[in-house]
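Take a look at the structure below.
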Amino acid sequence: MSHSDFTAIVTGAASTRGIGRATAHTLAADGWNVAILDLDEAAAKEAADEIAERSGAQTFGLACDVTDETSVESALSSLNASAPPVGALVNNAGITSPTRFLDVTGPEWDRIFDVNVRGAFNITRRVTPGMAERGFGRVVFLSSVSAERGGGVFGGVAYSAAKAAQLGFARALAREVGPHGITVNSVAPGLIDTDITGGALEGDTKAQLLAGIPVGRNGQVNDVADLITYLCREQTGYITGATYDVNGGSHIH
């Protein structure tokens, strides 16, 4: 069995400077066929083309709103029609929110949970049965250091709560699907240089944030992408229900 027999799905991976896009590149370099599911169909296709060009892998770019079950169904059915079976799923689609707790509205709270938690549920529940049937699967959740240390980086309470929900989701799912050859792990990045954090990392703020990071720099998307790719390997079959910190030592526990 080799990765080239399978497709790895990365949700929300169209953003050019995001962790998802870097992960899609790294998975393709490791031999996977890659499907990018993103709200922005044109950007998803553009990302897929870029990855195919660089790696020679089969790639697919599909429009998908993970919060909408019908959209997830239709993206997966068109993927199933043209791609090798899904062997890995990276639940990367997410949104952040810095809003302070007393200012969070109900609709904003719901939106953060919709994308980060319900979105991961919508797609994970549809791809795991096929993985179980084939006896092989890798699921990785993109959580956050905010879930572990209680916000305080960029995300407020709603974001911390949603990212912590992903950790519980992953751990419980790992127990349930382990007997079927599926591993489920989480990655909790700290301060990573992406579009989400970009503008906030200037001047004093940057100096202050870096002062709290033992390795003395903020993270790069490849720091996270390499780890996710490792967790998706067939050889990495005895690690499940784990949370990996990628934060340069800013939070050690």
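The values are calculated or read from the model by the stated rules, or taken from the named source; none is laboratory data. Keep in mind it's a predicted model, so treat the numbers as computed, not measured. So basically every Cβ, Gly included, is an ideal-geometry build from the backbone, and we count neighbours across all protein chains shown.
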(request) Would you mention how many residues in the stretch 1-49 are touching a residue at least 12 places away in the same chain (Cβ under 8 Å) and either assigned to a helix (DSSP H, G or I) or of a type in the set (D, E) (or both)? (result) 25
(request) Among the residues of the stretch 1-25, write down those that are of a type in the set (S, T, N, Q) and in contact with a Phe, Trp or Tyr (Cβ under 9 Å, 6 or more places away or on another chain). (result) S4, T7
(message) Here is a check on your reading of the model: is A52 modelled with pLDDT of 95 or more, of a type in the set (G, A, S), surrounded by 18 or more Cβ atoms within 10 Å (Cβ to Cβ) and at negative phi?
(response) no
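Where residues in the stretch 115-142 are among the basic types (K, R) and touching a residue at least 24 places away in the same chain (Cβ under 8 Å), which of them is farthest from A161 (Cα to Cα)?
Per the criteria, the residue is R134.
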(request) Would you check if there is a residue in the stretch 105-127 being closer than 29 Å to G249 by Cβ, surrounded by fewer than 17 Cβ atoms within 10 Å (Cβ to Cβ) and either touching a helix residue (DSSP H, G or I) at 6+ places or on another chain (Cβ under 7 Å) or of a type in the set (A, V, I, L, M) (or both)? (result) no
(request) For I112, state whether it is in contact (Cβ under 8 Å) with a residue 40 or more places away in the chain, closer than 21 Å to A14 by Cβ and assigned to a helix (DSSP H, G or I). (result) yes
(message) Give me the residue from the stretch 186-211 that is of a type outside the set (A, V, I, L, M) and closer than 11 Å to V224 by Cβ and, out of that set, modelled with the highest pLDDT.
(response) P189
(request) Please state which one of T183, T236, T194, T229 is of a type in the set (S, T, Y) and surrounded by fewer than 16 Cβ atoms within 10 Å (Cβ to Cβ). (result) T236
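Do we find a residue being part of a loop (DSSP other than H, G, I, E, B) and in contact with a Ser or Thr (Cβ under 7 Å, 6 or more places away or on another chain) anywhere in the stretch 89-102?
Here is the first cut: in the stretch 89-102, the ones part of a loop (DSSP other than H, G, I, E, B) are 92-100.
Pick out the ones that are also in contact with a Ser or Thr (Cβ under 7 Å, 6 or more places away or on another chain) and you get 92-93.
Yes, the stretch 89-102 contains at least one residue that is part of a loop (DSSP other than H, G, I, E, B) and in contact with a Ser or Thr (Cβ under 7 Å, 6 or more places away or on another chain).
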(message) Go through the stretch 66-85 and report how many residues are surrounded by 17 or more Cβ atoms within 10 Å (Cβ to Cβ), assigned to a helix (DSSP H, G or I) and touching a residue at least 40 places away in the same chain (Cβ under 8 Å).
(response) 3
